[in-house]
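Asker: One structure, pasted below without further comment.
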Amino acid sequence: KRFYIALPLTLLIVSAYLMFNILNHNYSFTYIWSYSNNQLNTFLLATTFFSGQEGSILLWGTLISIFGLFVRNYARKYGYEEYVLGFISLVVVFIALLLVFKSPFEYIWQSFADQNIPVGFKPENGRGLNPILQNYWNMIHPPTLFTGYSSLTIPFVFALAALLKKDYQNWIKVALPWALFSAGILGLGIMMGGFWSYETLGWGGFWGWDPVENASFMPWLLVVALVHTMIIQRRTNGLVKTNFLLA
């Protein structure tokens with residue numbers, strides 16, 4: 001239980017270290033060099049934290065670990081604390097392993113080892129941010145999307161805990177508020193993506209080609225279905241297997 005608190009603290013420290021290096025234009029890190037440059041203002045510079053895959057994974061893991069802190073007392077009240085803490089820890093550890101292989105702290109001479117870049121080399125400027133991402137929506141939309149996406153971990157771990165406890169009915173009451181929260185926040189983030197698309201591109205109202213939008217839309221469809229089937233199970237005790245599958 002003590003180490004459980006160390007998970008979000010560690011990830012927050014790592015995130016703060018990455019943000020510090022971004023704001024100070026440390027282009028010796030390949031990730032920072034790839035997505036930022038000296039011309040970006042401070043607000044857009046901050047968004048480069050999650051403008052690439054490595055930073056997005058770090059944000060994802062950090063948010064899940066923070067949700068884990070919020071859900072702890074709630075899970076304890078219903079007798080789920082040990083199971084929920086264990087499963088959330090496993091999820092965060094898995095994401096930490098992803099960060100080992102997709103690290104935002106890889107140096108530029110490591111990434112381009114075949115180009116004989118000297119150790120300690122620091123470019124004077126970075127490649128910069130994709131022009132489409134140089135928009136105020138980039139500060140609002142992705143964090144909202146990742147908040148909703150990360151919160152989906154909570155219904156998931158409650159479902160796993162219920163299977164272990166063989167609590168096939170009561171877990172619905174415990175997990176339903178979190179499923180509603182996830183559906184609402186993730187849906188809000190997806191709508192923001194539509195507004196951003198209209199403003200930046202002027203067509204369609206969606207990023208039809210963007211895997212980030214598709215990766216958020218598919219779980220949103222599932223969690224909206226889950227909310228409805230949870231309500232049905234709460235009233236009729238039916239759809240037990242369906243709810244476990246959806247969660």
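Asker: Using +1 on the beta carbon of Lys and Arg, -1 on that of Asp and Glu, and nothing else charged, what's the dipole of segment 54-208 about the Cα centre, debye to 20?
Answerer: Values: 9 positive and 8 negative charges, 111 e Å.
The dipole of segment 54-208 has a size of about 540 debye.
Asker: What are the ³J(HN,Hα) couplings of segment 175-188, residue after residue, when phi is run through the Karplus curve with 6.51, -1.76, 1.60 and θ = phi - 60°? Round to Hz, x for glycine and proline.
Answerer: Per-residue couplings from phi come out as 8, 4, x, 6, 5, 5, 4, 4, 4, x, 5, 5, x, 4 Hz.
Asker: Using only DSSP helix segments of four residues or longer, with each worth -39500 (n - 2.57), what per-residue ellipticity at 222 nm results for the chain after dividing by its residue count and rounding to 500?
Answerer: After summing the helix terms and dividing by residue count, I get -23500 deg cm²/dmol.
Asker: Longest segment of the chain with no trypsin sites (Lys or Arg not before Pro) in a DSSP loop having at most 14 other Cβ atoms within 10 Å? Mind showing how you got there, number by number?
Answerer: Values: sites that count: K1, R127, K166.
Longest site-free region, per DSSP loop and neighbour criteria: 2-126.
Asker: So how much slack lies between R76 and D114, counting 0.36 nm per residue of separation and subtracting their Cα-Cα distance, in nm? Intermediate results must be reported in sequence, preceding the final value.
Answerer: Numbers: separation 38, 0.36 × 38 = 13.68 nm, distance 5.30 nm.
Using 0.36 nm per residue and subtracting the Cα-Cα distance, I get 8.4 nm.
Asker: Let me ask something additional. Given springs between every Cα pair under 10 Å in a Gaussian network model of the chain, which of P131, P219, P104 has the largest fluctuation?
Answerer: Its mean-square fluctuation being the largest, the pick is P131.
Asker: So what is the diffusion coefficient of segment 106-190 in µm² per second by Stokes-Einstein at 4 °C and 1.567 mPa s, using a Kirkwood Rh over Cα pairs? Don't skip to the answer; put the middle values down first.
Answerer: On the way: Rh = 16.9 Å.
Translational diffusion coefficient: 77 µm²/s.
Asker: Putting +1 on Lys and Arg Cβ atoms and -1 on Asp and Glu Cβ atoms, find which of G52, V91, Y35 reaches farthest to the positive end of the dipole of segment 1-96.
Answerer: V91
Asker: Q169: net charge of surrounding residues, Cβ under 12 Å, Lys/Arg +1, Asp/Glu -1, itself excluded?
Answerer: On the way: positive: K165, K166, K173, R234, R235; negative: D167.
So the environment of Q169 carries a net charge of +4.
Asker: Which residue, F112, F87, F195, tops the fluctuation ranking in a GNM of the chain built on C-alpha contacts under 10 Å?
Answerer: Its mean-square fluctuation being the largest, the pick is F112.
Asker: A further question on this structure: Mind checking which of L163, G128, Y107 is farthest towards the positive end of the chain's charge dipole, using Cβ charges of +1 (Lys, Arg) and -1 (Asp, Glu) about the Cα centre?
Answerer: L163
Asker: Still on this structure: For the chain, what does the accessible surface come to per residue with a 1.4 Å probe? Please give it in Å². Present the calculation step by step, with values, prior to reporting the outcome.
Answerer: Details: 12980 Å² over 247 residues.
Per residue, the chain has an accessible area of 53 Å².
Asker: For the chain, report the translational diffusion coefficient in µm²/s to the nearest whole number, using Stokes-Einstein at 20 °C, 1.002 mPa s, and a Kirkwood Rh over Cα pairs. Please list the in-between numbers first.
Answerer: Working: Rh = 19.7 Å.
D, rounded to a whole number, is 109 µm²/s.
Asker: Further question: For the pair F43 and Y168, how long in nm is the line joining their label points, each one 7 Å along Cα→Cβ?
Answerer: It works out to 5.3 nm between the two label points.
The values are calculated or read from the model by the stated rules, or taken from the named source; none is laboratory data. This is a predicted model, so every value here is computed, not measured. FYI the Cβ positions are ideal-geometry reconstructions off the backbone, even for glycines, and counts take in every protein chain you see. Keep in mind that these areas ignore ligands, DNA and RNA; they rest on the heavy atoms of the full protein, side chains included. Shrake-Rupley method; radii C 1.70, N 1.55, O 1.52, S 1.80 Å.
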